[in-house]
Amino acid sequence: MLCEADGERAPLFEVVARRAVTWDTRGNVGLVVGATYPAQLARVRSLAPDMPILIPGVGTQGGDAAESFEAGASSDGALAVINVSRQVLYASSGADWAEAAGREAEALRNAMRAAGAAVS
């Protein structure tokens, strides 16, 4: 969705990111960008290089953990808070649910660590 703001036409998510950066005078503002839109996530990171970004949608919803980390992390590999819940919570509905959830969480952590090592 394109909108008119500040004399230019831009996607709404870009307008919000730009304004959030100017509003963040105390370092207490963050953004939320879905993992299922990695190009937009990377664009928001370029507009808000020093702002934390919460990244939901990894796993069951279709977002990739490593790709989200690479697109959303700051230049030092920080400021990307990747949220994964369904993929871990529903890893198994059987008696092995705790072990399955642990395996899933560990696999996601390892994928994000590998992506972080590539950024560093």
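Here are a few things to note about the model shown:
- Three-way shape call for region 1-53 based on the alpha-carbon gyration tensor, with the a/c threshold at 1.5: oblate
- Antiparallel %, DSSP beta bridges [both residues in the chain], to 5: 40 percent
- Residues GLU106, GLU70 in ascending order of nearby Cβ atoms (within 10 Å, fewest first): GLU106, GLU70.
- The smallest convex shape that holds all Cα atoms of the chain, its convex hull, gives 99 Å³ per residue.
- Here the residues ARG109, ARG18, ranked from fewest to most Cβ neighbours within 10 Å of their Cβ, fall in the order ARG109, ARG18.
- Helix 12-23 and the long axis of the chain differ in direction by around 80°, with both axes built from C-alpha atoms.
- Angle between the chain longest axis and helix 97-119 axis [Cα atoms, degrees, rounded to 10]: 40 degrees
- Taking every alpha-carbon pair under 8 Å whose residues sit at least 6 apart, the chain reaches a relative contact order of 19 percent.
- Report summary: the helix-based calculation at 222 nm, which adds -39500 (n - 2.57) for every DSSP H run with n ≥ 4 and divides by the residues of the chain, gives -14500 deg cm²/dmol.
- Hypothetical label at ALA5: residues of region 21-43 whose amide nitrogen lies under 13 Å (7 Å Cα-Cβ projection): 21-24, 31-32
- For the chain, built as a Gaussian network whose Cα springs stay under 10 Å, the top-fluctuating residue of LEU79, LEU31, LEU89: LEU89
- Proxy reagent accessibility, fewest Cβ within 10 Å first, across MET1, MET112, MET51: MET1, MET51, MET112
Rule-based calculations on the coordinates, nothing more; no lab input. The structure displayed is predicted, hence computed values, not measured ones. Using ideal geometry, Cβ is built from the backbone for each residue, glycine included, and neighbour counts are taken over all protein chains shown.
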